[in-house]
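Q: Provided herewith is a single structure, encoded as C-alpha coordinates, for subsequent inquiry.
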Amino acid sequence: MSKVENEKVVTLSYTLFDPSGRELERSAEDQPLVYLHGAKNIVPGLEKELTGKEAGDEFQAVVSPEQGYGPKRGLKPVRVPRSSFEKDAKLEAGMAFMTRGPQGQPMPLWIKKVQGPTVVCSVEHPFAGVELHFRGKVVDVRDAAAEEIEHGHAHGPDGHGHDH
Ligand code: ZN
(Lines give C-alpha, C1' and ligand atoms only; values in the text may rest on other atoms or scores of the structure.)
Protein backbone atom coordinates (compact mmCIF):
# COMPACT_ATOMS: atom_id res chain seq x y z
CA MET A 1 0.00 0.00 0.00
CA SER A 2 1.40 3.37 -0.84
CA LYS A 3 2.33 5.82 1.86
CA VAL A 4 1.83 9.56 1.93
CA GLU A 5 5.01 11.17 0.59
CA ASN A 6 6.07 13.74 -1.97
CA GLU A 7 4.54 13.31 -5.43
CA LYS A 8 1.52 11.43 -4.08
CA VAL A 9 -2.03 12.66 -4.45
CA VAL A 10 -3.80 12.27 -1.12
CA THR A 11 -7.53 12.24 -0.42
CA LEU A 12 -8.52 13.32 3.09
CA SER A 13 -11.62 13.77 5.11
CA TYR A 14 -11.05 16.07 8.04
CA THR A 15 -12.52 18.43 10.58
CA LEU A 16 -10.62 21.44 11.85
CA PHE A 17 -11.20 22.82 15.35
CA ASP A 18 -9.79 25.75 17.26
CA PRO A 19 -8.15 25.08 20.67
CA SER A 20 -11.51 25.53 22.45
CA GLY A 21 -13.05 22.77 20.34
CA ARG A 22 -15.10 25.04 18.10
CA GLU A 23 -15.39 23.67 14.58
CA LEU A 24 -13.78 25.98 12.03
CA GLU A 25 -14.01 23.94 8.87
CA ARG A 26 -14.65 20.44 7.58
CA SER A 27 -14.32 18.61 4.31
CA ALA A 28 -17.64 17.98 2.58
CA GLU A 29 -19.14 14.51 3.10
CA ASP A 30 -19.31 13.77 -0.63
CA GLN A 31 -16.24 15.75 -1.58
CA PRO A 32 -13.13 15.03 0.46
CA LEU A 33 -10.03 17.17 0.10
CA VAL A 34 -7.69 16.02 -2.67
CA TYR A 35 -4.20 17.52 -2.67
CA LEU A 36 -0.70 16.96 -3.99
CA HIS A 37 1.67 16.13 -1.13
CA GLY A 38 4.89 18.12 -0.88
CA ALA A 39 3.60 20.99 -3.02
CA LYS A 40 2.44 23.36 -0.23
CA ASN A 41 -1.22 22.75 -1.12
CA ILE A 42 -2.02 22.40 2.59
CA VAL A 43 -0.47 23.94 5.72
CA PRO A 44 3.06 22.67 6.43
CA GLY A 45 2.25 21.30 9.90
CA LEU A 46 -0.52 19.06 8.59
CA GLU A 47 1.60 17.93 5.65
CA LYS A 48 4.34 16.90 8.07
CA GLU A 49 1.86 15.01 10.26
CA LEU A 50 0.44 13.08 7.31
CA THR A 51 3.78 11.97 5.86
CA GLY A 52 4.09 8.19 6.06
CA LYS A 53 0.38 7.52 6.64
CA GLU A 54 -1.61 5.08 4.48
CA ALA A 55 -5.16 4.92 3.20
CA GLY A 56 -7.46 4.07 6.11
CA ASP A 57 -5.24 5.70 8.74
CA GLU A 58 -6.88 8.17 11.05
CA PHE A 59 -4.97 11.19 12.22
CA GLN A 60 -4.98 13.96 14.78
CA ALA A 61 -2.68 16.91 14.45
CA VAL A 62 -2.13 20.03 16.52
CA VAL A 63 -0.52 22.63 14.30
CA SER A 64 1.00 25.88 15.60
CA PRO A 65 0.19 29.12 13.76
CA GLU A 66 3.78 29.16 12.48
CA GLN A 67 3.18 25.75 10.86
CA GLY A 68 -0.36 26.74 9.93
CA TYR A 69 -1.64 30.01 8.48
CA GLY A 70 1.05 32.12 10.10
CA PRO A 71 0.94 34.49 13.07
CA LYS A 72 -1.69 37.20 13.27
CA ARG A 73 -0.07 40.41 12.08
CA GLY A 74 -2.87 42.84 12.91
CA LEU A 75 -2.91 44.31 9.40
CA LYS A 76 -5.52 46.90 8.54
CA PRO A 77 -8.66 45.77 6.73
CA VAL A 78 -9.03 46.65 3.08
CA ARG A 79 -12.22 48.25 1.73
CA VAL A 80 -13.36 47.06 -1.67
CA PRO A 81 -16.36 48.60 -3.46
CA ARG A 82 -19.27 46.18 -3.79
CA SER A 83 -19.47 47.26 -7.43
CA SER A 84 -16.13 45.61 -8.21
CA PHE A 85 -17.77 42.22 -7.66
CA GLU A 86 -20.15 40.59 -10.08
CA LYS A 87 -23.63 41.88 -9.48
CA ASP A 88 -25.16 38.60 -8.34
CA ALA A 89 -22.04 37.37 -6.51
CA LYS A 90 -22.91 35.99 -3.09
CA LEU A 91 -20.59 37.68 -0.60
CA GLU A 92 -20.26 36.17 2.86
CA ALA A 93 -17.88 36.56 5.76
CA GLY A 94 -14.98 34.13 5.49
CA MET A 95 -15.11 33.85 1.71
CA ALA A 96 -11.82 34.30 -0.10
CA PHE A 97 -11.13 35.80 -3.48
CA MET A 98 -8.04 36.73 -5.43
CA THR A 99 -7.00 40.24 -6.22
CA ARG A 100 -3.78 41.94 -7.33
CA GLY A 101 -1.25 43.39 -4.90
CA PRO A 102 0.71 46.64 -5.37
CA GLN A 103 3.22 44.91 -7.66
CA GLY A 104 0.49 43.16 -9.61
CA GLN A 105 1.09 39.88 -7.81
CA PRO A 106 -1.90 37.62 -7.04
CA MET A 107 -3.07 38.30 -3.47
CA PRO A 108 -5.88 36.61 -1.57
CA LEU A 109 -8.41 38.64 0.42
CA TRP A 110 -10.96 37.34 2.90
CA ILE A 111 -14.33 38.97 3.34
CA LYS A 112 -14.99 40.15 6.90
CA LYS A 113 -18.34 41.87 6.34
CA VAL A 114 -20.43 43.69 3.78
CA GLN A 115 -21.33 47.27 4.76
CA GLY A 116 -23.68 48.76 2.22
CA PRO A 117 -21.66 49.60 -0.88
CA THR A 118 -18.41 48.50 0.78
CA VAL A 119 -16.97 45.05 1.32
CA VAL A 120 -14.57 45.03 4.26
CA CYS A 121 -11.82 42.49 3.65
CA SER A 122 -8.81 41.16 5.50
CA VAL A 123 -5.45 40.49 3.90
CA GLU A 124 -4.83 37.93 6.64
CA HIS A 125 -6.16 34.39 6.58
CA PRO A 126 -9.06 34.06 9.06
CA PHE A 127 -7.13 31.29 10.83
CA ALA A 128 -3.88 33.28 11.13
CA GLY A 129 -2.67 33.17 14.72
CA VAL A 130 -4.91 30.19 15.51
CA GLU A 131 -3.56 26.87 16.75
CA LEU A 132 -5.17 24.33 14.44
CA HIS A 133 -6.56 21.06 15.75
CA PHE A 134 -7.18 18.62 12.90
CA ARG A 135 -8.95 15.26 13.12
CA GLY A 136 -9.50 13.11 10.11
CA LYS A 137 -8.80 10.10 7.97
CA VAL A 138 -6.65 9.35 4.96
CA VAL A 139 -9.11 8.08 2.35
CA ASP A 140 -6.77 7.39 -0.56
CA VAL A 141 -3.15 7.71 -1.65
CA ARG A 142 -2.10 7.44 -5.27
CA ASP A 143 0.85 8.35 -7.46
CA ALA A 144 0.63 11.82 -8.96
CA ALA A 145 0.56 12.12 -12.73
CA ALA A 146 3.47 13.95 -14.36
CA GLU A 147 1.12 16.78 -15.27
CA GLU A 148 0.00 17.16 -11.65
CA ILE A 149 3.60 17.33 -10.44
CA GLU A 150 4.37 19.89 -13.11
CA HIS A 151 1.35 22.03 -12.11
CA GLY A 152 1.96 21.61 -8.38
CA HIS A 153 -1.59 20.47 -7.60
CA ALA A 154 -3.93 17.51 -7.93
CA HIS A 155 -6.36 17.16 -10.81
CA GLY A 156 -9.86 15.74 -10.49
CA PRO A 157 -11.00 12.33 -11.69
CA ASP A 158 -11.86 13.79 -15.10
CA GLY A 159 -8.36 15.09 -15.57
CA HIS A 160 -7.86 18.75 -16.03
CA GLY A 161 -10.60 20.93 -14.66
CA HIS A 162 -8.92 24.29 -15.15
CA ASP A 163 -6.94 26.28 -17.63
CA HIS A 164 -3.52 26.91 -16.14
ZN1 ZN B 1 -3.32 21.75 -13.24
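Q: Could you work out what % of the accessible surface of the chain is carbon and sulfur, using a 1.4 angstrom probe and leaving DNA, RNA and ligands out of the count?
A: Carbon and sulfur together cover 49 percent of it.
Q: What residues from region 13-45 fall in the zone where the backbone N is under 11 Å from a label point 7 Å along the Cα-to-C-beta line of Ala55?
A: What the label zone holds, given the 11 Å backbone N cut-off, is no residue at all.
Q: Determine the sum of side-chain charges near Ala93: Lys and Arg each +1, Asp and Glu each -1, restricted to other residues whose C-beta is under 12 angstrom from that of Ala93.
A: Details: positive: Lys90, Lys112, Lys113; negative: Glu92.
For residues surrounding Ala93, the net value is +2.
Q: Sticking with this one: Out of the trypsin sites (Lys or Arg not before Pro) in region 1-54, which ones are loop residues according to DSSP with at most 15 other C-beta atoms within 10 Å?
A: Here the sparse-neighbourhood loop sites are Arg22, Lys40.
Q: Can you check how the C-alpha radius of gyration of the chain compares to 2.2 N^0.38 Å, as a plain ratio? Walk me through the numbers before you get to the answer.
A: Values: Rg = 17.5 Å, N = 164, 2.2 N^0.38 = 15.3 Å.
Against the empirical 2.2 N^0.38 Å value, I get 1.15 for the chain.
Q: Now, a different point. Under the rule of at least 5 residues apart or a separate chain, name every residue whose amide H is placed under 5 Å from the amide H of Thr118.
A: Arg82
Q: Among Glu148, Glu29, Glu86, determine the one that fluctuates most according to a GNM of the chain built with springs between C-alpha atoms less than 10 Å apart.
A: Greatest mean-square fluctuation among the candidates belongs to Glu86.
Q: Moving to a separate point now. Give the average over all directions of the projected area of the C-alpha convex hull of region 3-91, one decimal, in nm².
A: 8.5
Q: Which distance in nm do the two modelled labels at Val114 and Glu25 give, with both placed 7 Å along the Cα-to-Cβ direction?
A: 2.2
Q: Return the single residue from Val141, Val78, Val130 with maximal mean-square fluctuation; model: Gaussian network over the chain, springs between Cα atoms under 10 Å.
A: Top of the fluctuation ranking is Val78.
Q: Quote to one decimal, in nm, the extra length available between Lys87 and His151 on full extension: 0.36 nm per residue of separation minus the C-alpha distance between them.
A: So the chain would gain 19.8 nm between Lys87 and His151.
Q: Per DSSP helix of 4 or more residues, -39500 (n - 2.57); summed, then divided by the residues of the chain. What does that give at 222 nm, rounded to the nearest 500? Write out the running numbers ahead of the final one.
A: Details: 2 runs with 13 residues, N = 164.
Value at 222 nm, helices only: -2000 deg cm²/dmol.
Q: Still on this structure: Once the Cα gyration tensor of region 90-164 is diagonalised, what are the square roots of 5 times its eigenvalues, in whole Å and ordered largest first, as equivalent ellipsoid semi-axes?
A: 30, 19, 13
Q: If you only keep lysine pairs separated by 8 or more in sequence, or across chains, how many in the chain come under 22 Å at the Cα atoms?
A: Taking the chain as the scope, the lysine pair count is 23.
Q: Take the Cα of Met107, step 7 Å along the line toward its Cβ, and report every residue of region 63-86 whose backbone nitrogen sits under 16 Å from that point.
A: So the set is 73-81.
Q: Something else: With equal scatterers on the alpha carbons only and no solvent term, can you work out the Debye log10 of I(q)/I(0) for region 78-122 at 0.22 1/Å?
A: Calculated log10 I(q)/I(0) at the listed q: -0.72.
The values are calculated or read from the model by the stated rules, or taken from the named source; none is laboratory data. Just so you know, these numbers come straight off a predicted model, no measurement behind them. In this analysis, Cβ positions are derived from the backbone assuming ideal geometry, glycine residues included, and neighbour counts consider all displayed protein chains. Calculation scope for accessible area: heavy atoms of the full protein, side chains included, ligands and nucleic acids excluded. Shrake-Rupley method; radii C 1.70, N 1.55, O 1.52, S 1.80 Å.
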